[in-house]
There are 2 protein chains.
Amino acid sequence: MNMNKSENATGPGGNETSDISKARLRAWLQILKVSRKIEGELREKMRVEFGSTLPRFDVLAALYRERDGMRMSELSKSLMVSNGNVTGIVDRLVAEGLVVRLPVENDRRASIVRLTEAGEKDFAERALVHESWVSDLFSDLSSSDADALIRILRTISHHNEAPHHD
Amino acid sequence: MNMNKSENATGPGGNETSDISKARLRAWLQILKVSRKIEGELREKMRVEFGSTLPRFDVLAALYRERDGMRMSELSKSLMVSNGNVTGIVDRLVAEGLVVRLPVENDRRASIVRLTEAGEKDFAERALVHESWVSDLFSDLSSSDADALIRILRTISHHNEAPHHD
DNA sequence: CATAGATATTTCAAACTTAAAATATTTGTG
DNA sequence: CACAAATATTTTAAGTTTGAAATATCTATG
């Protein structure tokens, strides 16, 4: 818990919080508000237009970037969700014929998940429409504000980066 | 789907997307990344330190702002989640003794949810700790960047405000 | 006053999500 | 080689979330 003198000028014995702390809380609540609203809109569109869901789209997107496929654990790390979560979503994508599970040479514990041809084709089409949805939802965001937003958010996510083990 | 000439200078017949559209998509992905990461950290802390969850904290926070209590539908609108969702979370908070459901005069369909004394006390304590967690997670966020972030996010959420019915 | 439509909430089924336990397999160490 | 520790994944239980259907109640209109 950050208690620098410079950042916390609360009176002796008081338990108020500093101005900067409150500003950060407001910033967080605003991030939460926007991401909930946008996610809700996109979920609805995914459901109505594609008969699909955001989590499945996210998995397809990750696999589209890695055409040779990814391990379950790589997917889970890339999407920042639990292992067990990925298992269920991949199960459904397999049932839909959009991805396949392939065995890994020399490691029978692991498996590689890869887009099928249908999955690749479906995702390519959906990705364009998805981008247009996002652009419309963010149509008030100018180019310079987009850059500023990305820069600021990066400073936050870098701070909270998982520490690497060397 | 926004297809202004000025914003989309893709060649004839091409289905590429504009630069501004891509910038907005990147911005959205970055928002998503940060909010997932922060939410994960806060969920973990809530679980370990308070033996509770974020959705419950959110309900308590809304009720703490409205000491006279809120209807289920008001809670649901305020938190931007479905009615059925609120039912379940309030059920658990009732079981924990932190909130109560009260009947509404002249409307037997509705009910008011209110913090109990224990709920008020618990939330007041937790809110301070919660704010310090957020401040720490956002410790790289300067005051001016916090202001810029809030301003930019507000333009986005205002655009996507639910249109009112007059 | 009857009753059709509107409103408030709950119930339900399906999907998503997590954390922890269980399984299966591989790797490193004596 | 034996086998303990590490790794990859799945399973499980509990909670969250949605959208739609079901209930219960209220309101307005004839």
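When a/c is below 1.5 the answer is rounded, else prolate if a/b is larger than b/c, else oblate, so apply that to segment A:106-162 with a ≥ b ≥ c taken from the square roots of the Cα gyration tensor eigenvalues.
Cα axes put segment A:106-162 in the oblate bin.
If I take the rotation axis that carries chain B onto chain A, which residue of chain B has the nearest beta-carbon, and at how many angstrom?
Axis-proximal residue of B, distance in whole Å: B:35, 2.
Where a ≥ b ≥ c are the square roots of the eigenvalues of the C-alpha gyration tensor, would you call segment A:17-125 rounded, which needs a/c under 1.5, or, failing that, prolate if a/b is larger than b/c, or oblate?
Note, shape of segment A:17-125 comes out oblate.
With +1 on each Lys and Arg Cβ and -1 on each Asp and Glu Cβ, how big is the dipole of chain B about its Cα centre, in debye rounded to the nearest 20?
I would put it at about 440 debye.
Along Cα→Cβ at 7 Å, what distances in nm separate the residue A:101 label point from those on the other copies, shortest first?
Computed spacing set for this position: 4.1 nm.
Per-residue Cβ counts within 10 Å, from other chains only, averaged over B:127-134: what number is that?
Mean inter-chain Cβ contacts per residue within 10 Å come to 5.
So if I place +1 on the C-beta of Lys and Arg and -1 on the C-beta of Asp and Glu, and nothing else carries charge, what would the dipole magnitude of the protein assembly as shown be about its Cα centre? I want it in debye, nearest 20.
Its charge dipole is roughly 460 debye.
For a quick protection proxy, order the peptides A:102-109, A:78-85 by their average other-Cβ count within 10 Å, most packed first.
Highest mean packing first, the order is A:78-85, A:102-109.
For residue B:111, what residues show an amide H to amide H distance below 5 Å, using hydrogens built from the backbone and excluding near sequence neighbours?
Correct list: B:72.
So what is the accessible area of segment A:51-157 per residue, in Å², with the probe set to 1.4 Å?
That works out to 51 Å² for each residue.
Putting +1 on Lys and Arg Cβ atoms and -1 on Asp and Glu Cβ atoms, find which of B:95, B:34, B:63 reaches farthest to the positive end of the dipole of the protein assembly as shown.
Checking the options against the dipole of the protein assembly as shown, the answer is B:95.
Report, in deg cm²/dmol and to the nearest 500, the calculated mean residue ellipticity at 222 nm for the protein assembly as shown, where each DSSP H run with n ≥ 4 adds -39500 (n - 2.57) and the sum is divided by the residue count.
-19500 deg cm²/dmol
If you project the alpha carbons of segment B:72-156 onto the principal axes, what extent comes out on each, in Å, largest first?
49, 30, 20
Give me the percent of the accessible area of the protein assembly as shown that comes from carbon and sulfur atoms, probe 1.4 Å, all protein chains in place.
That fraction is 49 percent.
May I ask you to evaluate 6.51 cos²θ - 1.76 cosθ + 1.60, the Karplus curve with θ = phi - 60°, for each residue of segment B:99-113 and list the ³J(HN,Hα) values in order in whole Hz, giving x for glycine and proline?
3J(HN,Hα) across segment B:99-113, in whole Hz: 9, 10, 9, 10, x, 9, 3, 6, 8, 7, 6, 8, 8, 9, 9.
With θ set to phi - 60° and the Karplus curve 6.51 cos²θ - 1.76 cosθ + 1.60, what are the ³J(HN,Hα) couplings of segment A:130-140 in order, to the nearest whole Hz, using x for Gly and Pro?
Going residue by residue, I get 4, 4, 5, 4, 4, 4, 5, 5, 9, 5, 7 Hz, with x marking Gly and Pro.
Report, in cubic angstrom per residue, the convex hull volume of the C-alpha atoms of the protein assembly as shown.
Per residue, the Cα convex hull of the protein assembly as shown comes to 201 Å³.
For the interface of chains B and A, what total accessible area is buried with a 1.4 Å probe, rounded to the nearest 100 Å²?
Interface area, both chains combined: 6100 Å², rounded to the nearest 100.
Quick check for the protein assembly as shown: number of Lys pairs with alpha-carbon distance under 17 Å, counting only pairs 8 or more apart or on different chains?
13
The values are calculated or read from the model by the stated rules, or taken from the named source; none is laboratory data. Values in this document were obtained by computation on a predicted structure and should not be read as measured data. Note that we place each Cβ from the backbone using ideal geometry, even for glycine, and neighbour counts take in every protein chain shown. We work out accessible area using only protein heavy atoms, side chains counted, and drop any ligands, DNA or RNA first. Shrake-Rupley method; radii C 1.70, N 1.55, O 1.52, S 1.80 Å.
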